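Chemist: One structure, as structure tokens, below. Some questions next.
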Amino acid sequence: MRRFLLFIPLLLAVALGVVLFAGIGKDTSALESALIDDPVPAFELASLEDPHKIYRADVFQDKVVLLNVWGTWCPSCRVEHSELVRLATEEGVPIYGLNYKDNRDAALEWLNNLGNPYELSLFDPQGTLGFDLGVYGAPETYIIDGEGIVRYRHVGVVDRKVWTEELEPRIRQYREES
Amino acid sequence: MVPEFGHFALILAMLLAALLAVVPLTGSLTGRSSLQAFARPLASGQFVFVAIAFAALTQAFVTDDFSVAYVANNSNSMLPWYYKFSAVWGGHEGSLLLWILILTGWTLAVGIFSRRLPTDLVAQVLSVMGIVSLAFLLFILLTSNPFERLLPNVPADGADLNPLLQDFGLVVHPPMLYMGYVGFSVAFAFAIAALINGRMDAAWARWTRPWTTVAWCFLSLGIALGSWWAYYELGWGGWWFWDPVENASLMPWLAGTALMHSLAVTEKRGVFKSWTLLLAIITFALSLLGAFLVRSGVLTSVHAFASDPTRGTFLIGLLAVTVIGSLALYAFRAPVVHTRVRYGSLSREIFLLLNNVLLLAALLLVLVGTLYPLVLDYMGAGTMSVGEPFFNLTFSPVAIAVALLLGAGIFSRWKRTDGGWLGRQLLWPAAISLVLAVLVPLWLGELKPWAFAGCFGAAWVTVATFQDIWSRSSSRQGRWYGLKRLTRSYYGMVLGHLGMAITIAGATVVSNYGVERDVRMEPGEVAQMGDLSFAFTSLRHREGPNYAAEQGVFEISRDGELITTLYPEKRMYRVQRNVMTEAGIDAGLFRDLFVALGEPVGGDAWAVRIQFKPLVRWVWLGSLFMAAGGVLAIADRRYRIKVKGGAAEKSAAGVQEPGAVAGKAT
């Protein structure tokens, strides 16, 4: 029995190794979302600003938008926030925010202080929509086309480079398609 | 030509590492001392050639040789000369070369300082380190060659060093961290050697301990430097983010801390042998796991290296061979070192065992939190990370528990401690800590549960430590004589424990009583925070060597009296077009005043973050104490006493009763 115990570290290491090995090569910044080319899952979430105002999946209609998942607990979200503000004000990109597993007051204070780039803000304190979208960790940014179809997913901070190289060309493309 | 010389030197180093991995080990297994004698020359040789390669890469950076791809990607002719040096380890390939340089350096050091060790043990230890060097040299040569040329299309100028890394903190942070990570390979090599030859005793522990302590000191400083850098450079004033890359350095630190304590028991009492060996393996395995997590791209992090699946696959192979190989060796051979020494249920042994259990629990929490997304993904359950809330919620109670146990453990004695006596010793620490844990939070603001717990833990450790010094230093020849009689390793332990108390106090106070406000301000406006007023007097433009900056001028005063003027900046680096935040900080032992410029928010107005951070410096001050404690501990006389040949042989053969060493060494 004692001899057997000595093998436990080995078994654990092998199990961990299998998981790590499976993780290799998956591009974590463009994680294959199960939802790519599927519609945004059905949801019913309150507005961040107004708890009585309820949004459903039909808000994703008529135009190509960015859906940005963020939280005040997420340091990287702070890094990308200025770029989002710039995109909204200078480039006129419609951005929807999904405030993920956060506190309403903290989130509102954040937007008050740092600027609000979002056309509309969904409040997802339980992370339900985030779970359905397969959110890996904030920040994440999705491109959703005019039919409400998830087209692209970027994991990590949106900066100037991500915008010009990954997001802008695709947004232009989906705009032309629709 | 120089880069080719560097590449060639690296290949030669790899060949020497291959010889080092095989020849001395074969010699020790077959008993041929002529082969064992190759260990030291081969160890020196591989270091020399890696050093030549490193010098060649440095030369390419200093001379702006942009025909070398790695230089072109990580440097620029406009970069200040000192950052051209540090840019050598600014990216994956060069930092890996630094890692290998340090690894071969440690190997060389073991070769030099092991004159008193039995030849076959030295041969085994150096061979094991050679195996590790070989693996990393193959890794760099096959997947991450820093000398690769960009011919014939040589760029006119380089892509510049990531502006985040253009900072003193990042110049010294990686070498410190790697000294720690790689230093644990020595303990690992000693453990593998012990498993191979089945000899493990107090002498073994005495040889392994200083090496482990030095590595641990470097890792402590490296982690603190990283945290300090994040605080002033990332611009939002936090000092720990539970980012996967940070966790990758915290995990070996926790395991290494457990290892240091377990080694103490093994040296003094000859017990926990098999456990110590396992910890030595785990600690180094976690260093390798850290390298894998940072360099394979399996986890997203703000500051992971650019990823490449080939590298990930190679590293997991390396991890598999090293970890599975050594754990299998452990599983089969650990019973060989089994011993039976008795100790009571209330003894220093038990306290140190509990300390190990708690440290491992903390380690497990970090491991689970870090790998959670990967595991979920593997099980097909989607991916999500647990984030900061999970760590803060789970890690703090364990840290407090470690502190409480430590305060009591200080008074415990080897073999058996009288419960009633221990209880009486703890009366004063308990009473004083209780008072402080109520008064300090009340003085800073309101009494909060976590602030109470943290202050209690910090005070508990501190008071118990000083009380222990007091009782141990009593002597008939007077207090001063008594203090002088205590050993350096005892004072090292004292500093280490006080360091931990200081860090806990700092972390508790700053996270509970730090005040931060994000305000919209125009030049000329004043923001109030408590009795402090932050006046945004003007905004000016400033040109740096490779960036342009908007610089705010903030005058901070209390009751109309100017305390300090801060100059936070928003920098635009020209080459990479990155915007960086340079916070303005007025640092103090008891509080920092912190101003950072956010974004322009229309007109002349800026989003400004102002912060009051009490005791934030203590977070890093504590790690300085811990590292100083480590240095003091290895300066202890018993590591310098020449072990007589006969005695060393005898104890190495395991003849000596382990308990016999304990009384003498305490």
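The values are calculated or read from the model by the stated rules, or taken from the named source; none is laboratory data. These figures come from a predicted structure and were not determined experimentally. All Cβ positions, even for glycine, are placed from backbone atoms using ideal geometry, and neighbour counts span all protein chains on display.
Chemist: Which residue out of B:ARG520, B:ARG476 is under 30 Å from B:ALA635 (Cα atoms), more than 36 Å from the chain's Cα centre (by Cα), of a type in the set (Lys, Arg) and surrounded by fewer than 20 Cβ atoms within 10 Å (Cβ to Cβ)?
Modeler: Unique residue meeting the criteria: B:ARG476.
Chemist: A follow-up question, please. Cβ contacts < 7 Å: first residue at the interface with chain B (Cβ under 8 Å from one of its Cβ atoms) and more than 14 Å from B:SER274 (Cβ to Cβ), restricted to the stretch A:2-23; second residue part of a loop (DSSP other than H, G, I, E, B) and among the β-branched types (Val, Ile, Thr), any location; separation 6+ or different chain. Result?
Modeler: If the second residue must be part of a loop (DSSP other than H, G, I, E, B) and among the β-branched types (Val, Ile, Thr), the pairs left are A:LEU20/B:VAL298; A:GLY23/B:VAL298.
Chemist: For the subset of the stretch B:555-571 comprising residues that are under 35 Å from the mean Cα position of the chain (by Cα) and part of a strand (DSSP E or B), which member is surrounded by the most Cβ atoms within 10 Å (Cβ to Cβ)?
Modeler: So in the stretch B:555-571, the residues under 35 Å from the mean Cα position of the chain (by Cα) come out as B:564-571.
Right, trim to part of a strand (DSSP E or B) and you get B:564-566, B:569-571.
Values: B:THR564: 14, B:THR565: 14, B:LEU566: 20, B:GLU569: 21, B:LYS570: 23, B:ARG571: 21.
Selected residue: B:LYS570.
Chemist: Step by step: first the residues of the stretch B:312-325, then only those that are touching a helix residue (DSSP H, G or I) at 6+ places or on another chain (Cβ under 7 Å) and at the interface with chain A (Cβ under 9 Å from one of its Cβ atoms), then the one that is modelled with the lowest pLDDT. Which residue is that?
Modeler: B:GLY312
Chemist: When you check B:TRP106 against the structure, is it farther than 16 Å from B:PRO155 by Cβ and surrounded by 23 or more Cβ atoms within 10 Å (Cβ to Cβ), yes or no?
Modeler: Against the criterion (farther than 16 Å from B:PRO155 by Cβ and surrounded by 23 or more Cβ atoms within 10 Å (Cβ to Cβ)), B:TRP106 qualifies.
Chemist: What is the one condition in (1) at pLDDT below 85; (2) more than 11 Å from chain A (Cβ to nearest Cβ) that B:LEU234 does not satisfy?
Modeler: Checking B:LEU234 against (1) at pLDDT below 85; (2) more than 11 Å from chain A (Cβ to nearest Cβ), the one that fails is (2).
Chemist: If I ask for residues that are among the hydrophobic types (A, V, I, L, M, F, W, C), buried (at least 17 other Cβ atoms within 10 Å of the Cβ) and away from chain A (no Cβ under 14 Å), which ones from the stretch B:572-594 would you list?
Modeler: B:ILE585, B:LEU593, B:PHE594
Chemist: So for the stretch B:517-524 (the condition being more than 23 Å from B:ALA587 (Cβ to Cβ) and free of Cβ contacts under 8 Å to residues at least 40 places away in the same chain), does at least one residue qualify?
Modeler: Checking the stretch B:517-524: at least one residue is more than 23 Å from B:ALA587 (Cβ to Cβ) and free of Cβ contacts under 8 Å to residues at least 40 places away in the same chain.
Residue-wise test of (1) outside any helix (DSSP H, G or I); (2) among the hydrophobic types (A, V, I, L, M, F, W, C); (3) under 24 Å from B:ILE100 (Cβ atoms).
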| position | (1), (2), (3) |
| --- | --- |
| B:ASN153 | yes, no, no |
| B:ALA156 | yes, yes, no |
| B:TYR181 | no, no, yes |
| B:SER185 | no, no, yes |
| B:LEU195 | no, yes, no |
| B:ARG206 | no, no, no |
| B:ALA215 | no, yes, yes |
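Chemist: Quick check on the stretch B:243-294: of everything there that is in a helix (DSSP H, G or I) and of a type in the set (D, E, K, R), which residue is surrounded by the fewest Cβ atoms within 10 Å (Cβ to Cβ)? Quick ask: steps written out before the conclusion?
Modeler: At the first step, the residues of the stretch B:243-294 found to be in a helix (DSSP H, G or I) are B:244-269, B:273-294.
Next, from what is left, pick out any that are of a type in the set (D, E, K, R): B:246, B:267-269, B:273.
Details: B:GLU246: 20, B:GLU267: 23, B:LYS268: 23, B:ARG269: 26, B:LYS273: 23.
Step by step, filter the stretch B:243-294, then rank; the result is B:GLU246.
Chemist: Does B:SER67 satisfy the criteria of being over 30 Å from B:THR208 (Cβ atoms), surrounded by fewer than 19 Cβ atoms within 10 Å (Cβ to Cβ) and polar (S, T, N, Q)? Walk me through it before giving the result.
Modeler: Working: over 30 Å from B:THR208 (Cβ atoms): yes; surrounded by fewer than 19 Cβ atoms within 10 Å (Cβ to Cβ): yes; polar (S, T, N, Q): yes.
Against the criterion (over 30 Å from B:THR208 (Cβ atoms), surrounded by fewer than 19 Cβ atoms within 10 Å (Cβ to Cβ) and polar (S, T, N, Q)), B:SER67 qualifies.
Chemist: Does the stretch B:189-209 contain at least one residue that is within 12 Å of chain A (Cβ to nearest Cβ) and not acidic (Asp, Glu)?
Modeler: yes
Chemist: Sticking with this one: Under 20 Å from the mean Cα position of the chain (by Cα), at pLDDT 85 or above, buried (at least 18 other Cβ atoms within 10 Å of the Cβ) and in a helix (DSSP H, G or I) - does that describe any residue in the stretch B:347-357?
Modeler: Yes, the stretch B:347-357 has at least one match.
Chemist: Another one. Taking helices (runs of 4 or more DSSP H) that do not extend beyond the stretch B:1-93, which have at least 1 residues that are touching a Lys or Arg at 6+ places or on another chain (Cβ under 8 Å)?
Modeler: Because the criterion is at least 1 residues that are touching a Lys or Arg at 6+ places or on another chain (Cβ under 8 Å), the helices (runs of 4 or more DSSP H) in the stretch B:1-93 that meet it are B:2-30, B:39-62, B:69-74.
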